[in-house]
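The values are calculated or read from the model by the stated rules, or taken from the named source; none is laboratory data. This is a predicted model, so every value here is computed, not measured. All Cβ positions, even for glycine, are placed from backbone atoms using ideal geometry, and neighbour counts span all protein chains on display.
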Amino acid sequence: MAKSGNNNLKYSLIAIGAVIIIFLIIVIAKSPTTVNPNGGDAVAPKSLTDQLFAVTTAHIQSVGIGTATAQPKAISGPALTKDGKPQLVYMGAEYCPYCATERWPMVVALSRFGTFKNLGTTHSSSTDVYPDTQTFTFHGSTYTSQYLTFSPVEMYSNVPSGAAYAVLDKPNSQEQSLMNTYDAPPYVPSANAGAIPFIYFGGKYIITGATYSPKVLENKTAAQIASALTNTKDPITQGIFGSANLITASICAMTNNQPSNVCTPTIVNIESSLTK
């Protein structure tokens, strides 16, 4: 009898152990990991954002427009507003290497006017030109500013799905209409119609495509890119900060040059030089 009882106890313990293991597997599967649940590859590490945002305004502005090769284009579009503030609309995709390139100066410029929360990191497609360009993603992030609203739309991920990429954010009818109207002739050449990123600065300016060469970020880690920004002569800095100053000038045009500690005489001079 004792032997039979021991066997019963043994089997009971095994059964209980199996249930515990199954429970743990379910818990672990549902538990958060380092992967950003809102999209992208991971939540941007604090060490990276701290390094990026620690750069002083004077350091950034000393670059001027750097090696930025494409300027924002002036338009006379609808004076877009949201929550009583001028609205900046961005439309891009995580697979896109040109979007990956342009997000660096966008984050730098927008961080002068407000703060990001839950900013993610990602990379462009591994099968496109400039493969695996390291960058941020706006999908799942929030942005707070007293000067403007920022409406980012990351339309697709970098994960292949059939012949395209998995859908992330769907533009609303207004956002799609803006892109259909201003990301097309006569505002952009026919060959570039529909190009992303598409950035709409409250009816004042648009940007289509990257404003500096993606090649400067080629084969660099996100940490290497951020570290390079301490050297104003580095090609990475010349591209990112040069473009950030152009984006800042375009935003200052939206905010009536507020705040003054961001829309400085240097930025206002760049603003006045933008293509009309």
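Within segment 40-61, take every residue that is touching a Ser or Thr at 6+ places or on another chain (Cβ under 6 Å) and outside any helix (DSSP H, G or I) and give me the one that is surrounded by the fewest Cβ atoms within 10 Å (Cβ to Cβ). Outline the logic, then answer.
Step one: filter segment 40-61 for residues touching a Ser or Thr at 6+ places or on another chain (Cβ under 6 Å), giving 40-42, 44, 53, 61.
Subsequent filtering for residues that are outside any helix (DSSP H, G or I) retains 40-42, 44.
Working: 40: 27, 41: 17, 42: 14, 44: 22.
So the residue we want is 42.
Name every residue in segment 203-214 that is surrounded by fewer than 22 Cβ atoms within 10 Å (Cβ to Cβ) and under 15 Å from residue 105 (Cα atoms), in order of residue number. Talk me through it step by step, then tell me what you get.
Within segment 203-214, the subset surrounded by fewer than 22 Cβ atoms within 10 Å (Cβ to Cβ) is 203, 209, 213-214.
The answer is 209, 213, 214.
Which of the residues spanning segment 147-170 are without any contact (Cβ under 8 Å) to a residue 40 or more places away in the chain and either crowded, with 20+ Cβ neighbours inside 10 Å or assigned to a loop (DSSP other than H, G, I, E, B) (or both)?
Within segment 147-170, 162, 163, 169, 170 qualify.
Give segment 101-132 a look and list any residue that's among the small types (Gly, Ala, Ser) and under 16 Å from residue 169 (Cβ atoms), or say none. It would help to see each step written out before you state the result.
From segment 101-132, those among the small types (Gly, Ala, Ser) are 109, 111, 114, 120, 124-126; that's our starting set.
Scanning segment 101-132 gives a single hit, 120.
What is the residue count in segment 107-131 for residues that are touching a strand residue (DSSP E or B) at 6+ places or on another chain (Cβ under 7 Å) and not basic (Lys, Arg)? I'd like the intermediate steps shown before the answer.
Our first condition is that a residue be touching a strand residue (DSSP E or B) at 6+ places or on another chain (Cβ under 7 Å); within segment 107-131, this holds for 107, 110, 113-125.
Okay, now just the ones that are also not basic (Lys, Arg), so 107, 110, 113-116, 118-125.
The number of residues fulfilling the criteria is 14.
For (1) touching a helix residue (DSSP H, G or I) at 6+ places or on another chain (Cβ under 7 Å); (2) crowded, with 21+ Cβ neighbours inside 10 Å, each residue gets a yes or a no:
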residue	(1), (2)
70	no, no
77	yes, no
95	no, yes
106	yes, yes
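Does residue 244 satisfy being assigned by TED's automatic domain parsing to the domain that holds residue 68, loosely packed, with under 14 Cβ neighbours inside 10 Å, among the aliphatic types (A, V, I, L, M) and not in a loop (DSSP other than H, G, I, E, B)? If you could, list the steps in order and put the result at the bottom.
On the way: assigned by TED's automatic domain parsing to the domain that holds residue 68: yes; loosely packed, with under 14 Cβ neighbours inside 10 Å: no; among the aliphatic types (A, V, I, L, M): yes; not in a loop (DSSP other than H, G, I, E, B): yes.
No; evaluated as a whole, the condition is false for this residue.
Here's the yes/no breakdown for (1) touching an Asp or Glu at 6+ places or on another chain (Cβ under 9 Å); (2) within 23 Å of residue 217 (Cα to Cα):
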| position | (1), (2) |
| --- | --- |
| 115 | no, no |
| 122 | yes, yes |
| 127 | no, yes |
| 134 | no, yes |
| 137 | yes, yes |
| 140 | yes, no |
| 150 | no, no |
| 159 | yes, yes |
| 167 | no, no |
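Quick one: would you say residue 135 is within 29 Å of residue 78 (Cα to Cα), touching a residue at least 24 places away in the same chain (Cβ under 8 Å), of a type in the set (Ser, Thr, Tyr) and not in a loop (DSSP other than H, G, I, E, B)? Reasoning before the result, please.
On the way: within 29 Å of residue 78 (Cα to Cα): no; touching a residue at least 24 places away in the same chain (Cβ under 8 Å): yes; of a type in the set (Ser, Thr, Tyr): yes; not in a loop (DSSP other than H, G, I, E, B): yes.
No.
Okay, residues lined up against (1) touching a strand residue (DSSP E or B) at 6+ places or on another chain (Cβ under 8 Å); (2) closer than 25 Å to residue 147 by Cβ; (3) among the polar types (S, T, N, Q):
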{"site": "190", "(1), (2), (3)": "no, no, yes"}
{"site": "206", "(1), (2), (3)": "yes, yes, no"}
{"site": "211", "(1), (2), (3)": "no, yes, yes"}
{"site": "221", "(1), (2), (3)": "yes, no, yes"}
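If a residue must be touching a residue at least 40 places away in the same chain (Cβ under 8 Å) and either outside the structural domain of residue 242 (by TED's automatic domain parsing) or among the aliphatic types (A, V, I, L, M) (or both), how many such residues does segment 57-76 contain? It would help to see each step written out before you state the result.
Within segment 57-76, the first condition is being touching a residue at least 40 places away in the same chain (Cβ under 8 Å), and the residues that meet it are 57, 59-76.
Next cut, either outside the structural domain of residue 242 (by TED's automatic domain parsing) or among the aliphatic types (A, V, I, L, M) (or both) only: 60, 63, 65, 68, 70, 74-75.
The qualifying residues number 7.
List the residue pairs whose Cβ atoms are under 8 Å apart, where the first residue sits in segment 255-272 and is touching a residue at least 60 places away in the same chain (Cβ under 8 Å), the second is among the small types (Gly, Ala, Ser) and part of a helix (DSSP H, G or I), and the two are 6 or more positions apart or on different chains.
267/249; 270/249
Which of the following residues is surrounded by 13 or more Cβ atoms within 10 Å (Cβ to Cβ), within 30 Å of residue 259 (Cβ to Cβ) and more than 19 Å from the chain's Cα centre (by Cα): 200, 182?
On the way: 200 fails: more than 19 Å from the chain's Cα centre (by Cα).
The conditions single out 182.
Out of all the residues in segment 184-206, which are touching a residue at least 24 places away in the same chain (Cβ under 8 Å), more than 16 Å from residue 76 (Cβ to Cβ) and out of contact with any Cys (no Cβ under 8 Å at 6 or more places or on another chain)?
Residues satisfying the conditions are 195, 198, 199.
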